[in-house]
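The values are calculated or read from the model by the stated rules, or taken from the named source; none is laboratory data. In this text, all values refer to a predicted model and were calculated from it rather than measured experimentally. Note that each Cβ is placed from the backbone with ideal geometry, even for glycine, and that neighbours are counted across all protein chains shown. For the accessible areas, the whole protein counts, side chains as well, though only heavy atoms, and no ligand, DNA or RNA atoms are used. Shrake-Rupley method; radii C 1.70, N 1.55, O 1.52, S 1.80 Å.
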Amino acid sequence: MSETSQAASRPGGLFSGGQFDLGRMLLEGRAFFALIAIILIFSALSPVYFSTNNFLTMSSHVAIFGLLSIGMLLVILTGGIDLSVGSTLGLAGVVAGYLMQGVHLDAFGVVLYPPVWVVVILTCALGAFVGAINGVLIAYFKVPAFVATLGLLYVARGAALLMTNGLTFNNLGGSPELGNTGFDWLGFNRLLGVPIGVLVLAAVAILVILMLNRTPFGRWVYSTGGNARAAELSGVPVKRVQVSVYVLSGICAAIAGLVLSSQLTSAGPTAGTTYELTAIAGVVIGGAALAGGRGNVRGTLLGAFVIGFLSDGLVIIGVSSYWQTVFTGAVIVLAVLLNSIQYKGRKKQPPAAKEGASSSPASESSAPSSQTTSSSQESAREQAVGH
């Protein structure tokens, strides 16, 4: 049987009984169709919405959500959750701002101004460290993911407040004589007309797609989310996979913090508040299952664009920021509802498959020799001809 015919006959596919299933197509492509609907609606409500410059500006905002959502996707694919990404973003921005303004070594009477590339590496290392703490608590100490990451949410936010005394690091552009210029390059510069933040998002997305689809680690991530116990019995290093995805989520959050601080040329301890909910929304809207094992980067990016374009559209037409929170929450609830509808019944095996599974052991035990098997096949053909 060809791949096309198999797809057509597969239960729940776009073709059911040889007929095209429009409802299934709309359900599985809901993120794409929602994005198109948002663009059409806000383009009709505002004359400035549908323009290349506005789309590029909104895409630079989406880059923050997209980076967080990609890291969150990796965690959710394993059946976990990471509530600390927003605080990790804020802490990463604060650490970058602290380094950019100079590290005071009072014992030596000097002030060190590290170059931007050193700031980027140290900030990403900080994000990886926060993610590693989450992963170790969850994988090795069996702390529930919700509790562990909620605790790190408060720890990271508190550390950011302590470092700044509640204030904001401003003027992070650097100065040529100190050799620390170029930090604002991430936020304001463009390459071939595309904002650098969007290109960073595209690069991270491509790397994660290749990792999930082309490497054993990607298969381990999906198998861990599908059934962790079965994956462990099959030789998958489940604990290492769990730690790794939280480390990658922390790195993505740190990169998002760098991009956001660069766009604002300032770093505040309250940056990224509630962004963890936005990241979860992007993953869920993109079609990933919160139970784990299902989801992809393409859908997650579409979900992030839905959230970003919706938020910016509401701002452009003058809707209150409070209503934006209401709309975001409503979108999350709707997305979870649609996910439950999409995946409903997939855990149950079709009756035909159950019958085939139950009959195969019996047929194997009742056919000790090839001669008996061939005779049963002949009798079955004769019965089929008789009917």
Within the range 214-237, work out how many residues are more than 18 Å from residue 289 (Cβ to Cβ), part of a helix (DSSP H, G or I) and in contact with a Lys or Arg (Cβ under 9 Å, 6 or more places away or on another chain).
1
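Given the criterion closer than 17 Å to residue 65 by Cα, out of contact with any Leu (no Cβ under 9 Å at 6 or more places or on another chain), among the hydroxyl-bearing types (Ser, Thr, Tyr) and surrounded by 14 or more Cβ atoms within 10 Å (Cβ to Cβ), identify the matching residue among 328, 278, 273. Spell out the reasoning first.
Details: 328 fails: out of contact with any Leu (no Cβ under 9 Å at 6 or more places or on another chain); 278 fails: out of contact with any Leu (no Cβ under 9 Å at 6 or more places or on another chain).
Checking each option against the conditions leaves just 273.
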Members of the range 190-201 found to be open to solvent by 40 Å² or more (accessible area, probe 1.4 Å) and closer than 22 Å to residue 296 by Cβ, listed by number
199
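To keep it simple, each residue is scored yes or no on (1) under 26 Å from residue 89 (Cβ atoms); (2) modelled with pLDDT of 95 or more; (3) among the aromatic types (Phe, Trp, Tyr).
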{"residue": "157", "(1), (2), (3)": "yes, yes, no"}
{"residue": "165", "(1), (2), (3)": "yes, no, no"}
{"residue": "180", "(1), (2), (3)": "yes, no, no"}
{"residue": "184", "(1), (2), (3)": "yes, no, no"}
{"residue": "192", "(1), (2), (3)": "no, no, no"}
{"residue": "195", "(1), (2), (3)": "yes, no, no"}
{"residue": "203", "(1), (2), (3)": "yes, yes, no"}
{"residue": "215", "(1), (2), (3)": "no, yes, no"}
{"residue": "237", "(1), (2), (3)": "no, yes, no"}
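Given the criterion open to solvent by 60 Å² or more (accessible area, probe 1.4 Å) and at positive phi, identify the matching residue among 227, 171. Walk me through how you get there before you give the answer.
Numbers: 227 fails: at positive phi.
Exactly one of 227, 171 is open to solvent by 60 Å² or more (accessible area, probe 1.4 Å) and at positive phi, namely 171.
Please determine whether any residue of the range 271-294 is assigned to a helix (DSSP H, G or I) and over 17 Å from residue 81 (Cα atoms). First the steps, then the outcome.
Of all residues in the range 271-294, those assigned to a helix (DSSP H, G or I) come to 275-285.
Still in the list and also over 17 Å from residue 81 (Cα atoms): none.
Looking for residues that are assigned to a helix (DSSP H, G or I) and over 17 Å from residue 81 (Cα atoms), one finds none in the range 271-294, hence no.
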If you check 112, 150, 68, which single one turns out to be free of Cβ contacts under 8 Å to residues at least 40 places away in the same chain and either farther than 21 Å from residue 202 by Cβ or open to solvent by less than 30 Å² (accessible area, probe 1.4 Å) (or both)?
112
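Output the residues belonging to the range 174-189 that are surrounded by fewer than 17 Cβ atoms within 10 Å (Cβ to Cβ) and either in a loop (DSSP other than H, G, I, E, B) or touching a residue at least 40 places away in the same chain (Cβ under 8 Å) (or both).
As a first pass, look at the range 174-189 and keep what is surrounded by fewer than 17 Cβ atoms within 10 Å (Cβ to Cβ): 175-179, 181-182, 185, 188-189.
Once the filter is applied, which keeps residues that are surrounded by fewer than 17 Cβ atoms within 10 Å (Cβ to Cβ) and either in a loop (DSSP other than H, G, I, E, B) or touching a residue at least 40 places away in the same chain (Cβ under 8 Å) (or both), the range 174-189 yields 175, 178, 179, 181, 182, 185, 188, 189.
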Determine the pairs where a residue that is over 18 Å from residue 276 (Cβ atoms), located within the range 311-339, has a partner that is of a type in the set (Val, Ile, Thr) with Cβ atoms under 7 Å apart, the partner being 6 or more residues away or on another chain.
313/38; 316/48; 339/284
Yes or no: the range 215-233 includes at least one residue that is touching a Ser or Thr at 6+ places or on another chain (Cβ under 6 Å), aliphatic (A, V, I, L, M), without any contact (Cβ under 8 Å) to a residue 60 or more places away in the chain and over 30 Å from residue 170 (Cβ atoms).
yes
Report yes if residue 337 is at pLDDT 85 or above and either open to solvent by 50 Å² or more (accessible area, probe 1.4 Å) or acidic (Asp, Glu) (or both), otherwise no.
yes
State which residue pairs qualify: first residue open to solvent by 30 Å² or more (accessible area, probe 1.4 Å) and inside the range 25-47, second residue of a type in the set (Val, Ile, Thr) in any location, beta carbons under 6 Å apart, and separation of 6 or more residues or different chains.
34/306; 45/317
Got at least one residue in the range 190-202 being over 23 Å from residue 70 (Cα atoms) and not charged (D, E, K, R)?
yes
So how many residues does the range 119-173 have that are among the polar types (S, T, N, Q), touching a strand residue (DSSP E or B) at 6+ places or on another chain (Cβ under 9 Å) and not in a helix (DSSP H, G or I)?
2
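Out of 244, 266, 261, I need the residue that is crowded, with 24+ Cβ neighbours inside 10 Å and touching a residue at least 12 places away in the same chain (Cβ under 8 Å). Which one?
Numbers: 244 fails: crowded, with 24+ Cβ neighbours inside 10 Å; 266 fails: crowded, with 24+ Cβ neighbours inside 10 Å.
Within the list 244, 266, 261, the selection yields 261.
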